[in-house]
Every structure is written in C-alpha cells, then in structure tokens.
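K.L.:
Pasting a structure below so you can have a look.
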Amino acid sequence: MIVNDAAGTSQDDVVETARQVLAERAHVDVVRTSSMDDLTSALAAREDSEVVVCGGDGSLHAVLTALCLEDRLDPEDDTAPVVGLVPLGTGNDFARAVSIPTDVRAAAGIVLDGPLRPIDVIRDDAGRVIVNAVHVGAGDEAGRLAKPWKERLGRVGLGPLGYVVGSVMAGARKGGWKLRVTVDGTVVSDGQTRLMQVGMANGTSIGGGAEIAPGAAPGDGLGDVVIAEARTRAERLRYALRLKSGRHGSLEGVRRLRGSEVRVESMTGRHFGVNADGELLDPVLRTTWRVQAAAYRLHVPAGVEPTVPDTEPPA
C-alpha cells in the first residue's frame with residue numbers, strides 16, 4: 001500500500017483503517033514515499049504483490065508514472081499491473097469516474113472483492129502519463145488561478161470550490177486562443193476561430209468535480225474530446241459555471257467528440273499552458289495526446305461497466 005509521505009500524519013488514522021480492512025484477508029506492507037525514486041524502488045521490490053494507492057489523483061498519477069518508468073504499462077502484455085485505489089485526496093476525480101467511494105472501508109473492500117477492469121491512460125508527446133484528463137486554454141488558466149484559492153478555501157474544508165473561482169476568473173479574463181485541433185487525423189478546428197478550451201479526458205471530471213466529460217469511460221480505448229469556442233464574455237462565464245455540473249455540452253460553440261489521438265497547435269506563435277492531471281506544465285506551441293488502451297487493471301465496484309457518451313464523430 002503506497003502512501004504519500006507529504007501528507008504527513010494527518011491521514012494516519014484513515015491509512016490504518018484501510019490497512020486493517022485489507023489485512024483481514026491479505027498480507028499488507030505500507031510504504032511511505034516522498035519522491036519518484038522512492039516509488040520506483042518500492043514498486044521494484046513488490047514482486048507479485050498488488051499495488052494499492054492510498055491517496056488522491058496525484059498519488060495515482062505518480063504510481064502509474066513510476067510503473068511506466070518500470071516499463072509495466074504495456075497494453076499488449078497480459079501481465080499489465082493490477083492497482084487498487086483507496087481515495088484520500090481533495091478532488092478524487094478519477095475515483096468518481098470509476099465509482100470508487102471515498103468511504104475508506106468501502107474502498108478497501110472493493111480492493112479485496114471488486115472485479116478487475118482494464119483502464120486506459122493518455123500519453124503526451126513528452127512521454128508523460130495522464131490518468132484522468134489533459135486540457136489547454138481556460139481550463140489550464142483556471143487551474144493556475146485556482147491554486148491560491150484552493151489553498152485558502154482548503155483551510156476550511158472547501159478546497160474544491162477554488163476551481164470554481166478559478167474557472168469564473170478565467171472565463172471573465174481570457175478572450176481565447178487560435179488553435180488548430182486535429183482528432184485522429186481530421187482537422188476539427190482550423191485555428192480561425194478562437195477557442196476557450198480544448199481537452200481530452202479519460203475520466204469524467206476535473207478540479208474536484210467539474211464534469212468536463214460526463215459519461216466518459218476510462219476503459220473503452222478512446223478519449224472524450226471537448227472543444228469550446230471563445231465567444232462573448234457572458235458566454236465564456238456561462239461555460240465556466242456550467243462546467244461544474246457537466247451542462248456545458250448544450251451550449252453553442254461546444255463540441256464533444258471521441259478519439260484516440262488529439263493534436264493541438266498554436267496558429268499565432270502564442271504559447272499556451274497545459275494542465276495534465278492537475279499539474280501545470282510549461283507553456284508550449286504544440287502538443288499531442290494519445291490514448292494507451294488497457295495500460296493497467298483496476299479493482300472497481302461490481303457492476304461498473306464502460307458507457308458510451310453522446311458525442312459526435314471526428315469527421
């Protein structure tokens with residue numbers, strides 16, 4: 001069971017509860033890690049043991065990145081790694097996408113009894129592993145603006161509201177980016193219309209519950225692609241507010257597609273920021289995202305099956 005040492009002792013009781021539930025039927029080693037080197041060493045020493053991530057989206061991202069560095073995320077390999085998840089984070093967006101509850105005993109029970117489901121990841125052109133979602137434009141800007149608000153509101157248990165604040169601020173301030181977007185080889189936005197956001201999602205939500213891709217299925221071999229045009233300030237604000245509930249797809253200028261590869265390019269020479277699983281990456285002029293199907297296997301609640309969202313084809 002991997003625990004992020006950066007969490008300190010604040011989650012010790014929860015971690016111990018998870019350990020006790022698992023230990024009723026399995027041998028459990030709890031390993032606290034504080035760096036990628038720690039993670040890589042811990043995973044290399046596990047032999048045939050399953051990996052249980054006791055943490056949030058960031059912890060799951062780190063573990064899967066370490067498994068990738070170990071060359072274990074291979075969709076052609078029948079021994080693709082098995083992972084369990086006990087959500088302890090603030091946002092828990094990916095846990096929400098696969099219906100894993102935040103109740104620690106229930107989540108630990110799923111690790112013991114839940115069926116295994118193949119799960120995709122998204123890889124970018126720098127080789128990064130993206131577990132949940134990657135996006136550019138106002139969503140990335142919202143993440144940057146939300147960071148101080150999440151810290152302030154987190155002190156009173158309202159951390160996820162920070163993303164809502166950031167989204168509204170980004171919608172009010174930004175006039176959009178001229179980006180050329182290609183999905184599976186088909187140009188779906190030629191760069192003449194300013195865009196507010198372009199995203200590829202494996203999970204359903206970002207920022208602690210903003211439903212960027214309601215109905216996304218993390219194991220169906222395709223990513224959900226969202227392209228939102230930047231229109232008037234009022235429409236941008238409406239988009240930011242509706243994103244929280246997943247109702248943005250009904251707005252004019254918002255397209256939802258599905259595909260296995262997305263390429264985003266600046267048409268003006270203006271760099272744009274990228275938000276990958278909540279990590280704010282350095283601005284770039286172009287980026288490519290590809291789905292790596294069935295990269296690992298995850299214990300999920302019984303009855304959770306992939307769903308096909310109501311999206312349009314790329315053509």
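K.L.:
Only one of (1) assigned to a strand (DSSP E or B); (2) modelled with pLDDT under 95; (3) aliphatic (A, V, I, L, M); (4) more than 15 Å from residue 275 (Cα to Cα) fails for residue 80. Which number is that?
P.N.:
(1) is the only condition that residue 80 fails.
K.L.:
Please go through segment 193-208 and pick out each residue that is in a strand (DSSP E or B) and in contact (Cβ under 8 Å) with a residue 60 or more places away in the chain.
P.N.:
Taking segment 193-208 first, the residues in a strand (DSSP E or B) are 193-201, 206.
Listed by number, the residues that qualify are 197, 198, 199, 200, 201, 206.
K.L.:
Report the residue count in segment 8-23 for those that are out of contact with any Gly (no Cβ under 7 Å at 6 or more places or on another chain) and touching a residue at least 12 places away in the same chain (Cβ under 8 Å).
P.N.:
Qualifying residue count for the region: 7.
K.L.:
Looking for whichever is part of a loop (DSSP other than H, G, I, E, B), at pLDDT below 95 and among the small types (Gly, Ala, Ser) here; the options are 58, 91. Which one fits? Full working, then the answer.
P.N.:
Values: 58 fails: part of a loop (DSSP other than H, G, I, E, B).
Only one candidate qualifies: 91.
K.L.:
Among (1) closer than 29 Å to residue 58 by Cα; (2) in a loop (DSSP other than H, G, I, E, B), there is one condition residue 181 misses while meeting the rest; what is its number?
P.N.:
Status for residue 181: all satisfied but (2).
K.L.:
Tell me yes or no: at least one residue of segment 244-260 is more than 18 Å from the chain's Cα centre (by Cα), in a loop (DSSP other than H, G, I, E, B) and at pLDDT below 70. Walk me through it before giving the result.
P.N.:
Pass one, segment 244-260, residues more than 18 Å from the chain's Cα centre (by Cα): 247-255.
Still in the running and in a loop (DSSP other than H, G, I, E, B): 251-253.
Remaining after also requiring at pLDDT below 70: 251.
Yes: one or more hits.
K.L.:
For segment 1-36, name all the residues that are assigned to a helix (DSSP H, G or I) and closer than 19 Å to residue 57 by Cα. Before the answer, list the steps.
P.N.:
Going residue by residue through segment 1-36, those that are assigned to a helix (DSSP H, G or I) are 5-7, 12-23, 36.
Of everything in segment 1-36, those that are assigned to a helix (DSSP H, G or I) and closer than 19 Å to residue 57 by Cα turn out to be 5, 6, 7, 12, 14, 15, 18, 36.
K.L.:
Moving on. For segment 110-158, enumerate the residues that are at pLDDT below 60 and among the aliphatic types (A, V, I, L, M).
P.N.:
Passing the criteria: 153, 156, 158.
K.L.:
Sticking with this one: Pick from 3, 82, 86: which is under 28 Å from residue 215 (Cβ atoms), surrounded by 20 or more Cβ atoms within 10 Å (Cβ to Cβ) and in contact with a strand residue (DSSP E or B) (Cβ under 6 Å, 6 or more places away or on another chain)? Walk me through how you get there before you give the answer.
P.N.:
Working: 3 fails: under 28 Å from residue 215 (Cβ atoms); 82 fails: surrounded by 20 or more Cβ atoms within 10 Å (Cβ to Cβ).
From the options 3, 82, 86, the qualifying one is 86.
The values are calculated or read from the model by the stated rules, or taken from the named source; none is laboratory data. This structure is a prediction, so every number in the text was calculated from the model and none was measured. Using ideal geometry, Cβ is built from the backbone for each residue, glycine included, and neighbour counts are taken over all protein chains shown.
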